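A.B. asks: This is the structure, below, for whatever I ask next.
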Amino acid sequence: MVRIKKYNKYAKLISGFIYKDEAVFIGSRDLLKKRFGRIDFQSEALDFTCTGYYEKEMGAGLKRRFVCFSRPVPMESLYRIKLYTNRIEKKFMASGARKVNIDPGYLDSAKLVLASTKDYAHRVYLRKNIFAEIALSFRKDSFSPNDWTYPDYRSEEYIAIFNKIRKLHTR
């Protein structure tokens, strides 16, 4: 029998929210805050216009915000965090449609990792039908996109946010 030593590497928990109604954002954010503690960064509301993927379900005029928490989380807990954010999304559903999409991930000094329920060639299976991907890699003095990185995560605006959060994590 091979014994595997437990890996306890910690990183900064980050969540991206896509929503239309500010009250839904606040309610879902506060549920995460209750579970993960104090928020040490929250972005301004950004227009979410890079894709129409969520409009059929959530409507037009969507916003995006990023929130991160001061207490680091074990990287190995990412799948559990995604399962929890899925439950929050269901809590805020109306007429079978989500009112918020929550994309949790973690950020460390080298990368931004996002969790997903969808498999693809560049995603790695974690557990319980949750996958992970490295969305951004830190090279030289800034985060850089990978070939598969979502268009919004490639934007200068988002990369500036993640660079700012990285400074919070590495101070």
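A.B. asks: Would you be able to tell me the number of residues in the stretch 127-140 that are on the phi < 0 side of the Ramachandran plot, touching a helix residue (DSSP H, G or I) at 6+ places or on another chain (Cβ under 8 Å) and surrounded by fewer than 17 Cβ atoms within 10 Å (Cβ to Cβ)?
C.D. replies: Total satisfying the criteria: 1.
A.B. asks: Which of the residues that make up the stretch 109-129 are under 26 Å from residue 86 (Cα atoms) and more than 13 Å from the chain's Cα centre (by Cα)?
C.D. replies: Those that are under 26 Å from residue 86 (Cα atoms) and more than 13 Å from the chain's Cα centre (by Cα): 118, 119, 120, 121, 122, 123, 124, 125, 126, 127, 128, 129.
A.B. asks: Here is a further query. Could you count how many residues in the stretch 42-61 are surrounded by 11 or more Cβ atoms within 10 Å (Cβ to Cβ) and closer than 18 Å to residue 96 by Cβ?
C.D. replies: Adding up the residues that qualify gives 6.
A.B. asks: Separate question: Across the stretch 46-76, what is the total count of residues that are in contact with a Leu (Cβ under 8 Å, 6 or more places away or on another chain), hydrophobic (A, V, I, L, M, F, W, C), within 21 Å of residue 27 (Cβ to Cβ) and not in a loop (DSSP other than H, G, I, E, B)?
C.D. replies: Qualifying residue count, the stretch 46-76: 3.
A.B. asks: Follow-up question, since we're still on this one. Here is a check on your reading of the model: is residue 97 closer than 21 Å to residue 50 by Cβ, at pLDDT 95 or above and not aromatic (Phe, Trp, Tyr)?
C.D. replies: For residue 97, the condition - closer than 21 Å to residue 50 by Cβ, at pLDDT 95 or above and not aromatic (Phe, Trp, Tyr) - is not met.
Results for (1) of a type in the set (D, E, K, R); (2) at pLDDT 90 or above, shown as yes or no for each residue.
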position	(1), (2)
53	no, no
76	yes, yes
83	no, yes
133	yes, yes
137	no, yes
145	no, yes
161	no, yes
164	yes, yes
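A.B. asks: If we only count strands (runs of 3 or more DSSP E) wholly inside the stretch 122-167, which ones have 2 or more residues that are under 18 Å from residue 66 (Cα atoms), in contact with a strand residue (DSSP E or B) (Cβ under 9 Å, 6 or more places away or on another chain) and not small (Gly, Ala, Ser)?
C.D. replies: Passing ranges, in order: 130-139, 142-145.
A.B. asks: Restricting attention to the stretch 22-53, which residues are of a type in the set (Ser, Thr, Tyr), under 20 Å from residue 161 (Cα atoms) and under 16 Å from the mean Cα position of the chain (by Cα)?
C.D. replies: 43
A.B. asks: Out of 84, 120, I need the residue that is surrounded by 13 or more Cβ atoms within 10 Å (Cβ to Cβ), aromatic (Phe, Trp, Tyr) and in contact (Cβ under 8 Å) with a residue 24 or more places away in the chain. Which one?
C.D. replies: The unique qualifying residue is 84.
A.B. asks: Any idea how many residues of the stretch 16-41 are of a type outside the set (Asp, Glu), in a strand (DSSP E or B) and over 19 Å from residue 99 (Cα atoms)?
C.D. replies: Within the stretch 16-41, residues that are of a type outside the set (Asp, Glu), in a strand (DSSP E or B) and over 19 Å from residue 99 (Cα atoms) number 2.
A.B. asks: Consider only pairs whose beta carbons are under 7 Å apart and that are at least six residues apart or on different chains; among these, list those whose first residue lies in the stretch 1-26 and is under 11 Å from residue 62 (Cα atoms) and whose second residue is at pLDDT below 90.
C.D. replies: 18/54
A.B. asks: Moving on to the next point. Would you check if residue 135 is in contact with a Pro (Cβ under 9 Å, 6 or more places away or on another chain), of a type in the set (A, V, I, L, M, F, W, C), free of Cβ contacts under 8 Å to residues at least 60 places away in the same chain and more than 19 Å from residue 39 (Cβ to Cβ)?
C.D. replies: Judged against the criteria, residue 135 is a match.
The values are calculated or read from the model by the stated rules, or taken from the named source; none is laboratory data. Please read these numbers as outputs of a predicted model, since none were measured by experiment. Here the Cβ is made from the backbone with ideal geometry for all residues, glycine too, and neighbour counts use every protein chain on show.
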